[in-house]
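Notes follow once the structure below has been shown.
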Amino acid sequence: MSDKKIETTTPVELSSAPETTSGKRVLGVVPGKPSSGERKVITSDDSVMVWPHLLVRHAVAAMATALVVMVIAVFFDAPLRDVANPQNTPNPEKAPWYFAALQELLARFPPLVAGVLVPGSIIMGLMALPYIDNSRFIKPRNRKVAVTTFATFIVIWIALTLIGFMFRGPNWGWVWPWQEWHGEL
Amino acid sequence: MSLDENDQETVVVTDDEQTLQSDEDLIDRVRNTTVGKSIIRSPRRITPRDRAAGHWASFLLHIYPVKIRKEELGFRYSWYLGVISTVLLGSLILSGLYLMFFYVPSPANAYANIQTIQNDVPFGQYVRNVHRWSAHLMVFAVAAHMARVFFRGGYKAPRQFNWVIGVVLLVLTLLLSFTGYLLPWDQLAFWAVTVGTEMAGYVPIIGDEVKEVLLGGPTVDSSTLLRFYVLHVAVLPSAIVFVLMIHLWRWRKDAMFDQEREDADE
């Protein structure tokens, strides 16, 4: 406790001589506030200590993730097909699922569009996004155009991915996933 | 205890502090043993200023900011997708290191190595499963992280460039997953990569050259496997860890402060 702090408060006068306990002497009792400062209600914009508040949550999230991976790994084996054979092309030929949307586009548009322009402009567009949508509005309801556009792209992309992954069979023809399954992870 | 009166510490004790002190007695007693002192070398940090200093000085905590806005704590803010992606990356590095002990990247060995891993290596099948499913989940988690950051406006000033770095991380994640896809050298791997790399050939003018650099020849063969292996176990992991460090460093700098905003208050 600094001298300055004591000067600014008005100690209640003690009637008798100061009491001494274990090497410390009570000089006065300050009414009202706790000595560590005023308590206040923390709002969402106030900051809190990362330890323990954030680290505990991160630890739980990390352990939950590890648990999910371990459980999946115990119950589902990674696929392993026959050894690679350049002479034997499977039908359909499928790219990994995260490229299924691009593969679906390739079946519909010229390769230059689907294979180069679309992926190229997606990456460039994503990188440019913060500089295009540069308003100072943050809440989703204050930036409806950006949110709607982005959501539309996501819906289209998920739809294309699902079609390419599950609904395409031999010769990239349409199949129903509950009749023929051609998705590979 | 007989101290000179001038040496006595002057304190103002409130009820609050007295209860606090008795709660801490046990921890302090553990700390004050010879073993306790050797493990925890700093005194108990009580005041916020003191705790912040302790956080600041800790090597393990240095990737985190000392304080964070309360809003960022909850599930609704981030869905913890950044943590989840990072944990999956850690799981991939650990399981991948184990698999590297038993794998030779050549068409003559690769497939048989995977069979050995699955049938003979202790926990081989399990570790391969962890690696495979972590990889798929990481692609998903990173993409979802990006979507979540978009909808809460996390790319707005002053955080624009960290979004750009995040897009780089997404691309690196996809490349890591794709290069790893070839390594088992089974039909699935071979033809998925054949289809995927055909896209490189569509680049105007230099398409064939790009494809040739990627594959080490006109088709997927032994040099492709070696190239993808080197990219998968050395080049891309180093790159993603490096870029991730910049991503986290910038997050750490920004996390304490609210963004510049013009939203009307509710």
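Here is how the numbers come out for the structure above:
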{"read-out": "Local electrostatic count at B:Arg76 - Lys and Arg +1, Asp and Glu -1, tallied over other residues with Cβ under 14 Å", "value": "+4"}
{"read-out": "Exposure proxy ranking, count of Cβ atoms within 10 Å, fewest first, for A:His182, B:His247", "value": "A:His182, B:His247"}
{"read-out": "Net charge, B:Phe150 excluded, C-beta distance under 11 Å - Lys, Arg +1, Asp, Glu -1", "value": "+3"}
{"read-out": "In order through the range A:116-122: 3J(HN,Hα) via Karplus (6.51 cos²θ - 1.76 cosθ + 1.60), integer Hz, x for Gly, Pro", "value": "10, 5, 5, x, x, 6, 5"}
{"read-out": "Other-chain or far-sequence residues with amide H under 5 Å of A:Ala84's (modelled H)", "value": "B:Asp186, B:Gln187"}
{"read-out": "HN-Hα J in Hz across the range A:77-87 - Karplus 6.51, -1.76, 1.60, θ = phi - 60°, x for Gly and Pro", "value": "8, 5, x, 9, 8, 5, 4, 4, 9, x, 7"}
{"read-out": "Efficiency of FRET between A:Trp174 and B:Ile63 - r from beta-carbon atoms, R0 51 angstrom, step 0.05", "value": "0.55"}
{"read-out": "Listed residues B:His136, B:His232, B:His145, most fluctuating in chain B (Gaussian network, C-alpha, under 10 Å)", "value": "B:His136"}
{"read-out": "Computed helical MRE - 222 nm, chain B, DSSP H runs ≥ 4 contributing -39500 (n - 2.57), nearest 500", "value": "-20000 deg cm²/dmol"}
{"read-out": "Simple label model, 7 Å out from Cα along Cβ direction - A:Arg108 to B:Val210, nm", "value": "2.2 nm"}
{"read-out": "Exercise: per-residue mean of other protein chain Cβ atoms within 10 Å, A:49-57", "value": "6"}
{"read-out": "Average beta-carbon neighbours from other chains, 10 Å sphere, peptide A:83-93", "value": "6"}
{"read-out": "Shielding of A:125-133 by partner chains, average beta-carbon count, 10 Å", "value": "6"}
{"read-out": "Separation between Cα centres of the range A:85-141 and the range B:162-193, rounded to whole Å", "value": "14 Å"}
{"read-out": "Candidates B:Asn109, B:Asn162, B:Asn32, ranked by Gaussian network fluctuation over chain B, Cα under 10 Å, top entry", "value": "B:Asn32"}
{"read-out": "Which of A:Arg143, B:Arg261 has the fewest Cβ neighbours within 10 Å, and the rest in rising order", "value": "B:Arg261, A:Arg143"}
{"read-out": "Full-extension gain in nm, B:Arg45 to B:Ser222, via 0.36 nm per residue minus C-alpha separation", "value": "57.8 nm"}
{"read-out": "Per-pair calculated FRET efficiency, R0 = 41 Å: A:Leu117 and B:Gln115 via Cβ, rounded to 0.05", "value": "0.50"}
{"read-out": "Over 26 Å (Cα to Cα) - which of A:Lys94/B:Lys211; A:Lys144/B:Lys253; A:Lys139/B:Lys67; B:Lys37/B:Lys70; A:Lys94/A:Lys144 fall in this group", "value": "A:Lys144/B:Lys253; B:Lys37/B:Lys70; A:Lys94/A:Lys144"}
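Any read-out appearing in this document is the output of simple, stated calculations on the displayed coordinates, not a laboratory observation. As the structure is a computational prediction, the values presented were derived from the model and not from experiment. Positions of Cβ are generated from backbone atoms using ideal geometry, with glycine treated the same way; all protein chains shown enter the neighbour counts.
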